[in-house]
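Below: the structure, in structure tokens.
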Amino acid sequence: MSTFRFTSTPIDGGALRAELIDTHCGGFTCFEGWVRDHNEGQQVTHLEYEAFEALGVREGERIVAEACERFGVTQALCVHRLGDLQLREIAVWVGVAAAHRDEAFKACRYIIDEVKHRVPIWKKEHYVSGDSGWVNCERCATHAHDHSHADHDHHHAHG
């Protein structure tokens, strides 16, 4: 089973949870990141996600492996949507099954924080005003700014 993947179809948290069920685990925790209707004072109508998929999968799998090693977790998975997403849809899902709750919570938090920080994913926010704006991953912002001459003016870091 891959531990990190992208999908262009709606995320089904129940089906993903079923992938992690393990008789050695006594606890499960997950995080769902939803498309909300606002960001930094702008009313958002929908989002588009793009990613550098090959690099993103490699980095995402590395993050999940780090979490498993650091917190003693045996089952973890992260799935991120690509394409056009409407309000209330799940943009990212992280699930962790572990022997105990403490490591499950810690690993889940580590995975979502590191994915947001390190995986090359860009989102385009569409606003009620008709405008739109690109937002990219935090660490990738420096790379995009330093190395992209065609598009870096509309990419900025977002925390």
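Here T74 meets the list (1) within 23 Å of F105 (Cα to Cα); (2) touching a His at 6+ places or on another chain (Cβ under 9 Å); (3) surrounded by 19 or more Cβ atoms within 10 Å (Cβ to Cβ) almost entirely, failing just condition (3).
When the residues of region 100-123 are filtered to those that are open to solvent by 50 Å² or more (accessible area, probe 1.4 Å) and more than 11 Å from the chain's Cα centre (by Cα), the one that is nearest to E59 (Cα to Cα) is R109.
Among the residues making up region 4-47, a single one is β-branched (V, I, T) and touching a Leu at 6+ places or on another chain (Cβ under 6 Å): V35. Can you pull out the residues in region 82-105 that are part of a strand (DSSP E or B) and among the aromatic types (F, W, Y)? The one that is part of a strand (DSSP E or B) and among the aromatic types (F, W, Y): W93.
Every residue, every condition in (1) of a type in the set (A, V, I, L, M, F, W, C); (2) touching a residue at least 24 places away in the same chain (Cβ under 8 Å); (3) within 23 Å of G27 (Cβ to Cβ), yes or no:
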site: G56; (1), (2), (3): no, yes, no
site: Q86; (1), (2), (3): no, yes, no
site: F105; (1), (2), (3): yes, yes, yes
site: R109; (1), (2), (3): no, yes, yes
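Looking at this structure, is V79 modelled with pLDDT of 95 or more, of a type in the set (A, V, I, L, M), surrounded by 20 or more Cβ atoms within 10 Å (Cβ to Cβ) and within 24 Å of D37 (Cβ to Cβ)? Yes; evaluated as a whole, the condition is true for this residue. Looking only at region 124-157, filter to residues that are surrounded by 15 or more Cβ atoms within 10 Å (Cβ to Cβ) and part of a loop (DSSP other than H, G, I, E, B); which one of those is modelled with the highest pLDDT? This residue is C137.
The values are calculated or read from the model by the stated rules, or taken from the named source; none is laboratory data. In this text, all values refer to a predicted model and were calculated from it rather than measured experimentally. So basically every Cβ, Gly included, is an ideal-geometry build from the backbone, and we count neighbours across all protein chains shown. Only protein heavy atoms, including side chains, enter the accessible area calculation; ligands, DNA and RNA are left aside. Shrake-Rupley method; radii C 1.70, N 1.55, O 1.52, S 1.80 Å.
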